[in-house]
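Structure, as structure tokens:
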Amino acid sequence: MNPRLAAAFLLPCVAFAAGCGATRPSKYYQLTIPNDVAADPPSDPYPVSLLLSPLMASHLYREDRIVYSSRSESMGAYEYQRWAEPATEMIEEVLLRELRASGRYRSVNFVRSGARGDYVLTGHLYDFKEVSGPPILARVTFELAMRDIKTASTVWNHYYSHDEPVNGKDVPAVVAALNRNVLRGVNEFRSSLNEYFSAHPVNPAPQ
């Protein structure tokens, strides 16, 4: 083949390959907490310190891709729509901040902080995904349990499952619905814990 002709043929091919090889940019999302999170009605804090353990979950929710499913429960994950952090870590952070903001406890920390505590909260995240419609739903299902460190016994547990309607058809709308759903669940856990400690008063530890 004529070298000049070959070069003229090669250039468009290289340009086409470069265009096809261009990667699509990923978009990242995170859960947010309103700036006006209110403390519970004024009262003396419970004389207890809480420790939060990492949430257990399937590998899908310990990675950063946003998960979707059909009504038949087949599942997949978006390639270019991702969370800024794994779902488990984001929910742990929301729970920590909400419990601290309540003003009900002497302290609230992660187990990994090395802080001392009276009770340990453990949990399992079962669902954190878009469910195809119509209507499109944002499903969140998780469970928490609390163990008394002194007695090593489980003294409280609460199960939460809710499908939040999605106000739109794009991924940002799904993210917003998942965010609302997580906050709803965390507030439910917060109220349930308050009820437990109100019904089971704890004597302050001697100084």
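The values are calculated or read from the model by the stated rules, or taken from the named source; none is laboratory data. Keep in mind it's a predicted model, so treat the numbers as computed, not measured. No Cβ is skipped: glycine too gets one built from the backbone with ideal geometry, and neighbour counts run over all protein chains shown.
Within segment 150-178, the residues that satisfy the criterion of being part of a strand (DSSP E or B) and either at pLDDT below 95 or not small (Gly, Ala, Ser) (or both) are 154, 155, 156, 157, 158, 159, 160, 162, 163, 164, 165.
Among the residues of segment 155-172, the one identified as small (Gly, Ala, Ser) and more than 16 Å from the chain's Cα centre (by Cα) is 168. Residues in segment 132-149 that are of a type outside the set (Val, Ile, Thr), modelled with pLDDT of 95 or more and more than 18 Å from the chain's Cα centre (by Cα): 146, 147, 148.
From the residues in segment 149-162 that are in contact (Cβ under 8 Å) with a residue 24 or more places away in the chain and touching a helix residue (DSSP H, G or I) at 6+ places or on another chain (Cβ under 8 Å), which one is nearest to residue 191 (Cα to Cα)? Here the answer is 158. Per the conditions (1) touching a residue at least 40 places away in the same chain (Cβ under 8 Å); (2) under 23 Å from residue 173 (Cβ atoms), the sole criterion not satisfied by residue 65 is (1).
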